[in-house]
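This report refers to the structure that appears directly beneath it.
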Amino acid sequence: MPQKLAVIDGYSLMYRAFYALPLLSSEEGVYTNAVYGFMNMMLKLLDDHKPTHLAVAFDMHGPTFRHEDFAEYKATRKPMPDELRPQFALLKKVLGAMRIPVIESPGIEADDILGTMSRMAEKQGLETLLISGDRDILQLINDNSTVMLTKKGISQIESYDKNRLMEEMELVPSQITDLKGLMGDASDNIPGIKGVGEKTALKLLAEYGTVENIIENADRLKGKLRELVQAGADQALMSKKIATIKTDVALAIKLEDCEITPIEQTDAIPVLKELKFGALLKRLAPSQGRAEEEPESGIDIEIITVDNLGDLDGIVQSMAGADPTAVAIAENSIRLSANGKEYVLPLAVDLLGRGFELDDAVKTLRPCFESANPKIMFGAKHWLHRCREYCIDIKNIEADLMIAANLLNQKSDTLINVLNQKEGAPAIASAMLDVYARMKEELSRQKLDVLFHDIEMPLVEVIADIEETGFKVDTGVLREIGNDLDERIAKLTDSIYKSAGGEFNINSPKQLGEVLFERLRLPAVKKTKTGWSTDSEVLEKLAEEHEIVPLIEDYRQLAKLKGTYIDGMLPLVDKQGRIHTKLHQVGTSTGRLSSSDPNLQNIPVRTPEGRLIRKAFVATDDDHVLVDADYSQIELRVLAHMAHDDNMLDAFINGADIHRRTASQVLGVPFDDVTPEMRSSAKAVNFGIVYGISDFGLARQLGIPRRQAGDFIEKYFATFPGVREFMNAQVEFAKKHGYVKTMYERRCYLPTINSGNYTQRSGAARVAMNAPIQGTAADIIKMAMVAVHRRLKYEGLKARLILQVHDELIIDSPRNERELVEKLLVEEMQQVAKLDCPLIAEAASGASWYEAK
């Protein structure tokens, strides 16, 4: 969705609102009619044109630079009505609460602010809407800027582009200043040429184009007109100059400051409640408005309980053309809403209960599910799985409210929470349609519609297919690995007992603490309410204090592997020898997919023992192979792109070893002289920067003094200044808006970014630095999943995408499709996103995950 800036001439619109509406006042006697009218106009603008950025410009009291050329400029203006004057401060209070920038500058008029903002937007590729009741701004029309003039009060607004201006006035935008130069402007006391009106001025401009040309050719004019032009030449030139809007004013604002903030993240609601603007509150925050004005659901819908399958069959047929249909399971019933009616299908929950069997109901609903009309659901993946059990293919799922709510930072755990209703609400499915209508507008307003409709919603089917296909597991290999781990654990146990001087329960933190700190008298690191701490951080610090500590660390690592990935996974293998992990689209702050039952994304790969687990994950049979591809340093490439850092971009564009190059530049040694240790340190910093690493964290990771780690980080930022600037900008953006966002507008909210607690505030700052990078990488891998899934279907291949693990995709492919699948996988992963440096994916294949990796 293209970005769009709207700039409103606040002074002009307030005047029109004041005279268009009867005087309104608050309980305290404060006049509010102009503010109310202005807000209505602004909300209509937001509804109709959906700008992504918004600002309001105001004139300031006092002379302007135009008075230097003509002291009588605007001298005939009537004084501002007493009832209107205080409303400007009130409007600015409301706008401030909504986080909408108010722009004003001494000696500068609102028109000049509009002109400057439009040119700023043009340079950054934003479309611009300029809103005023003053026709002077028609001169600002260009291919990038549209002018919207209030015609009648505040209810009628008409848009002008170059074509409309030519049709209506036979002028190009630049000639508006010439028109003012010739005919003047009584409202601003601009004189023009005495005796020349609009009709004559337009005729002259049609023939000669500009004031200057008209004056130069005055002797060719006839009679009285020639005398008027010759006598008024200086006045015309001065009037044109005064009427010309400046587009290069120095403003203390950036376009990013004008980005619209969601109403729930502003302070607007209490201000609007204070002013008793109930209707406005309802438009801005429907739940707030309903709470005050509509205690009931407000949904006027006919609710029909279906008693038999025969009736249901007829109802389903009548719904075939509905647009759209909402489907939900709620309170032991299936709910359907379409065509202004809600149908309730009671489900039998016990032998004596009245209602349909779920299987029968779902089968009877086949025509509804397979129709082309859009479906609105909650937990669409669940519906796909349920319907596929009966060979029903759901078509055209437009929206999953769980995913939409998650993107909008709303509660998404249950349908009732998403709908903001109580259990027992009568019109669940109809409420889904109502809520989605508002969500759709909000997704668009926050520029999340592309992410939602083009990435997240297509991904639902991809994930459903992955879960259904599953991953083949060789249980024999898994048991062999388990037996080997049992033997190694037993040996470690004996060694630990010998070092401790006796047996104890190694898995008991209490007993282990007593052994380490009381029996062996190791230096205490930290104590908790329940006793000595023996967590991994404590053991790491004690590693060189006693031989028992490394033994315990090894024991814990192997015991976790055995318990989680052998004992935990074997019962999850189905009769076909496959494991079906669950992938979750919601629940992570960065947008990454998560995995459970079992968590296949968390199999350790940094240790030989962890990597061995992958030997048990195999292709379907001997005629199949696993094709595995992952992105090379995707997060660093995303960082280079988003930070626009020339040094980092150059390294990736030229295919340099980024870690070796970083070491060379940061440490000041020739590229060829970089040692493996230097490269390893640089690699730790490169990836650490993505995760907001501190000097303390780097020192701990590399085993170096904190000051040395701090120097390394400082030199890094000096080498890659764009990265530092980007990181700082993210933190500042977060402080202002309460969130950061990815390239694809996904938001990561940071409620503690302005906390008074240093630990909370600094933690949020680290997240602000890394979430845009990690989140963008997550968005890209999701896009790759959708693209690969579609391409496999398009090519008519039997290969199937079976897993995503962070930056890695795995396909189970027939051997005769392997080469094509490897090529296809790399192509789709590399071309799915356009960065300033190339995305690189590398593919390999093998009989097992271990071999393919």
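All of the numbers you see were taken from the coordinates with simple rules; none came from a lab. Given the structure is predicted, the values throughout are model-derived calculations rather than measurements. Heads up, the Cβs are rebuilt from the backbone with ideal geometry, glycines too, and the neighbour counts pull from every protein chain shown.
If you take the square roots of the eigenvalues of the alpha-carbon gyration tensor of segment 359-496 and sort them as a ≥ b ≥ c, do you get rounded (a/c under 1.5), prolate (a/b over b/c) or oblate? Don't skip to the answer; put the middle values down first.
On the way: a/c = 2.56, a/b = 1.90, b/c = 1.34.
Since a/c reaches 1.5 and a/b is larger than b/c, the shape of segment 359-496 is classed as prolate.
Taking 0.36 nm per residue of separation and subtracting the Cα-Cα distance, what length does fully extending GLU389 through LYS93 add? Numbers along the way, then the final one.
Values: separation 296, 0.36 × 296 = 106.56 nm, distance 5.71 nm.
Taking GLU389 through LYS93 to full extension adds about 100.8 nm, to one decimal.
Mind sorting ASP48, ASP178 by how few other Cβ atoms lie within 10 Å of their own Cβ, fewest first? Working shown, then result.
Working: ASP48 11, ASP178 27.
So the ranking, lowest neighbour count to highest, is ASP48, ASP178.
What is the fewest-to-most order of VAL638, VAL306, VAL674, VAL477 by other Cβ atoms lying within 10 Å of their Cβ?
On the way: VAL638 26, VAL306 23, VAL674 20, VAL477 17.
The order, fewest Cβ neighbours first, is VAL477, VAL674, VAL306, VAL638.
Please report how far the C-alpha centroid of segment 349-417 lies from that of segment 66-128, rounded to the nearest whole angstrom.
The distance from the Cα centre of segment 349-417 to that of segment 66-128 comes to 51 Å.
Which of rounded, prolate or oblate describes segment 107-174 when judged by the alpha-carbon gyration tensor and an a/c cut-off of 1.5? Working shown, then result.
On the way: a/c = 1.63, a/b = 1.20, b/c = 1.35.
It is oblate, given that a/c is not under 1.5 and a/b is not larger than b/c.
For mean projected area of the Cα convex hull in nm², which listed value, (i) 52.0; (ii) 42.5; (iii) 48.7, comes from the coordinates shown?
The value computed from this structure is option (iii).
So in the chain, what percent of DSSP beta bridges are antiparallel if you round to the nearest 5?
Given both bridge residues lie in the chain, the antiparallel proportion sits at roughly 65 percent.
Using a simple charge model, +1 on the beta-carbon of Lys and Arg, -1 on the beta-carbon of Asp and Glu, nothing else, what dipole does the chain show about its Cα centre, in debye to the nearest 20? Don't skip to the end; give the middle numbers.
On the way: 103 positive and 128 negative charges, 269 e Å.
Roughly 1300 debye, rounded to the nearest 20.
Can you pull out the GluC sites (Glu not before Pro) in segment 521-560 whose DSSP state is coil and whose Cβ has at most 15 other Cβ atoms within 10 Å?
Numbers: sites: GLU537, GLU540, GLU544, GLU545, GLU547, GLU553; in loops: GLU544, GLU545, GLU547.
Sparse-neighbourhood loop GluC sites (Glu not before Pro): GLU544, GLU545, GLU547.
With each pseudo-label sitting 7 Å past Cα toward Cβ, what's the GLU167-ASP622 distance in nm, one decimal?
So the label points at GLU167 and ASP622 sit 7.5 nm apart.
If you line up the long axis of helix 634-643 against the longest principal axis of the chain, both from Cα atoms, how many degrees apart are they, to the nearest 10?
Between the helix axis and the principal axis of the chain, the angle is about 20 degrees.
Which of rounded, prolate or oblate describes segment 296-446 when judged by the alpha-carbon gyration tensor and an a/c cut-off of 1.5?
Because a/c hits 1.5 or more and a/b exceeds b/c, segment 296-446 counts as prolate.
So how much slack lies between GLU714 and ASP219, counting 0.36 nm per residue of separation and subtracting their Cα-Cα distance, in nm?
Details: separation 495, 0.36 × 495 = 178.20 nm, distance 7.22 nm.
Going from the current span to full extension adds 171.0 nm.
Kindly provide the helix-only [θ] at 222 nm of the chain, computed as the sum of -39,500 (n - 2.57) over DSSP H runs of four or more divided by all residues, to the nearest 500 deg cm²/dmol?
Working: 37 runs with 404 residues, N = 853.
Rounded to the nearest 500, it is -14500 deg cm²/dmol.
Which residues does the label zone of LEU570 cover in segment 459-502, counting backbone N under 11 Å from a point 7 Å along Cα→Cβ?
The answer is 475-484, 486, whose backbone nitrogens lie closer than 11 Å to the label point.
With only Lys, Arg, Asp and Glu charged, each at its Cβ (+1 for the first two, -1 for the last two), find how big the charge dipole of segment 60-161 is about the Cα centre; round to the nearest 20 debye.
Using only the charged Cβ atoms, the result is roughly 440 debye.
Let's test the formula: R0 of 22 Å, r as the Cβ-Cβ distance of ARG521 and PHE696. What FRET efficiency results, to the nearest 0.05?
Details: r = 28 Å, r/R0 = 1.28.
That gives a FRET efficiency of 0.20.
Sequence neighbours fewer than 8 away in the same chain don't count; with that in mind, list the lysines whose C-alpha is under 18 Å from LYS834.
Of all the lysines, those that pass the test against LYS834 - Cα under 18 Å, at least 8 places apart if same chain - are LYS741, LYS782.
In which sequence would ARG488, ARG815, ARG77 go, from the one with the fewest C-beta neighbours within 10 Å to the one with the most? Let's see the in-between values first.
Details: ARG488 17, ARG815 14, ARG77 10.
Ordered by Cβ neighbours within 10 Å, fewest first: ARG77, ARG815, ARG488.
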